[in-house]
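Working notes, beginning with the structure itself.
The values are calculated or read from the model by the stated rules, or taken from the named source; none is laboratory data. These figures come from a predicted structure and were not determined experimentally. Here the Cβ is made from the backbone with ideal geometry for all residues, glycine too, and neighbour counts use every protein chain on show. Accessible surface areas use protein heavy atoms only, side chains included; no ligands, DNA or RNA. Shrake-Rupley method; radii C 1.70, N 1.55, O 1.52, S 1.80 Å.
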Amino acid sequence: MATATERLRLVAVLRVSTEGQLDGYGLAAQFKDVKRRAKLDSHRLVAVLGNNKEGAAAVSGTQDERADLTQALLMLEDGQVDGILFPNMDRLARELTVQEAILSVIWSLGGRAFTADGGEVLQDDPDDPMRTAMRQMAGVFSQLERGMITKRLRNGRKTKGEKGGYAYGSPRYGWISEKKNLVEDAGEQGGRARAKELRADGLSYSAIAAALGEEGYETKRGGKWHAATVQRLLDDDARVRNVETAARIRQQKMDTAKRAKAQRVLGKVG
């Protein structure tokens with residue numbers, strides 16, 4: 001590997017997490033920043049992964065399972081480059097634990113890590129624990145800031161929903177979304193009214209489901225009516241429980257995916 005005084009060979013890894021980021025700190029801006037950093041530090045960019053000179057769109061980090069990062073690590077392991085350059089720590093990884101894992105992999109391969117906005121990310125030194133602490137604290141506050149932004153957006157949607165406005169998600173049966181507002185759907189309102197009539201007559205949810213299907217009323221997605229579907233349609237408490245259960249399942253999947261991502265990266269160590 002090159003010494004500190006040599007001109008290093010770097011591979012830059014750019015990343016967007018959603019298409020919306022192309023309008024913010026997108027690929028074109030990241031490309032310019034990594035080129036500027038390499039020139040400032042007198043290093044040579046061997047390759048730029050995840051982008052081209054024109055800042056073309058790229059697949060999100062979630063969808064491609066960080067294929068560009070894997071390629072960069074292989075280039076480092078094969079001795080094709082001396083280090084990896086990222087636009088910033090957020091593009092290295094969103095979660096602090098994953099950031100630390102990736103840095104550990106880079107250092108274990110004898111490589112060096114850089115960010116366009118901060119220069120070299122110095123390797124941990126047992127004689128300088130403050131170095132590690134400061135890096136990790138910066139990651140903690142960055143992660144906290146993203147979490148607070150997400151929470152404010154979620155609270156805004158919740159408040160709008162409590163006031164009767166359309167906040168997000170699929171509209172409940174009987175309504176459709178038009179220009180971010182809920183409007184009644186005539187066909188579904190008819191099915192809703194018919195379900196209430198049948199329930200008032202004492203029919204079970206299963207019997208109502210069968211009757212709605214026989215009478216030609218369509219579900220929200222055009223599928224078959226089921227007792228649980230009718231229950232959610234007529235029972236507000238059941239609908240709330242279903243939403244809360246779905247939210248818990250989504251969170252569990254997200255947590256599992258984060259752990260799996262960190263384990264995949266850590267698996268490269270050693």
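Scanning segment 216-240 for residues that are modelled with pLDDT under 70 and open to solvent by 60 Å² or more (accessible area, probe 1.4 Å), we see that the one that is farthest from Gly202 (Cα to Cα) is Val240.
Out of the residues in segment 173-224 that are aromatic (Phe, Trp, Tyr) and in a loop (DSSP other than H, G, I, E, B), which is nearest to the chain's Cα centre (by Cα)? Out of the qualifying residues, it is Tyr173.
Residue count for segment 173-215 satisfying the condition of being hydrophobic (A, V, I, L, M, F, W, C) and modelled with pLDDT under 90: 5. Where helices (runs of 4 or more DSSP H) sit wholly within segment 1-83, those with at least 2 residues that are out of contact with any helix residue (DSSP H, G or I) (no Cβ under 6 Å at 6 or more places or on another chain), at pLDDT 85 or above and open to solvent by 20 Å² or more (accessible area, probe 1.4 Å) occupy 27-40, 67-77.
Ser170 meets the conditions (1) on the phi < 0 side of the Ramachandran plot; (2) loosely packed, with under 14 Cβ neighbours inside 10 Å; (3) at pLDDT 70 or above; (4) not in a helix (DSSP H, G or I) in every case but one. The failed one is (3).
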